[in-house]
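Everything on this sheet refers to the single structure shown next.
The values are calculated or read from the model by the stated rules, or taken from the named source; none is laboratory data. Nothing here was measured: the structure is a model prediction, and the numbers come from that model. For neighbour counting, all protein chains shown are included, and Cβ atoms are generated from backbone atoms with ideal geometry for every residue, glycine included.
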């Protein structure tokens, strides 16, 4: 398989899935080859913490039902031969999308937030005994750390966030087979 997927989600005030950002990336270069952005109706109408960035004029979105989104997403992943899905805090995203349970899920944070894997975590950073950072290991803080861009701000749009998570993987420099599959 030459491709993998990075998926991010946003939820509404009822904790229901309201948008899904998906990036299909090349396993060798970590460059995006295809993006897909689903906005779920009627779920998005409830509103949520990040509703103000849900519709971005620079992004093509597919407004559809959850069932339509899942069907389209499964077809997209199969079209590219994707078996492996990555997400930052993957248990959260996987729990929201049991329809994608047949794919192998991997949690990016399991490498990004640990001193023994992330060379940008210094001996001065406060870590647990396991080596995990005690704080500041969310996507925004991690991209600031890895890229050196202290002014970076996360968008909280599912597609932009999926692209950010792919960038974290690229900057960490590990092959996809270095990540541990979730059970």
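Quick notes on this one:
Residues checked against (1) more than 16 Å from residue 31 (Cα to Cα); (2) surrounded by fewer than 19 Cβ atoms within 10 Å (Cβ to Cβ); (3) at pLDDT below 95:
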residue: 108; (1), (2), (3): yes, no, no
residue: 120; (1), (2), (3): yes, yes, no
residue: 142; (1), (2), (3): yes, no, no
residue: 145; (1), (2), (3): yes, no, no
residue: 176; (1), (2), (3): no, yes, no
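- If the condition is being modelled with pLDDT under 90 and loosely packed, with under 14 Cβ neighbours inside 10 Å, then segment 31-55 contributes only 52.
- Of the criteria (1) in a helix (DSSP H, G or I); (2) over 16 Å from residue 179 (Cβ atoms); (3) touching a residue at least 40 places away in the same chain (Cβ under 8 Å); (4) in contact with a helix residue (DSSP H, G or I) (Cβ under 8 Å, 6 or more places away or on another chain), which one residue 74 fails: (3)
- Unmet criterion (only one of (1) surrounded by fewer than 18 Cβ atoms within 10 Å (Cβ to Cβ); (2) under 17 Å from residue 20 (Cα atoms); (3) in contact with a strand residue (DSSP E or B) (Cβ under 8 Å, 6 or more places away or on another chain)) for residue 77: (1)
- Per-region count, segment 156-173, residues crowded, with 16+ Cβ neighbours inside 10 Å and in a loop (DSSP other than H, G, I, E, B): 2
- Residue in segment 124-133 that is in a helix (DSSP H, G or I) and either within 21 Å of residue 25 (Cβ to Cβ) or at pLDDT 95 or above (or both) present: no
- Among the residues of segment 81-108, those that are under 18 Å from the mean Cα position of the chain (by Cα), closer than 18 Å to residue 33 by Cβ and in a loop (DSSP other than H, G, I, E, B) comprise 82, 83, 103.
- Top-ranked residue of segment 1-49 - restricted to ones that are outside any strand (DSSP E or B) and in contact (Cβ under 8 Å) with a residue 40 or more places away in the chain, ranked as nearest to residue 170 (Cα to Cα): 30
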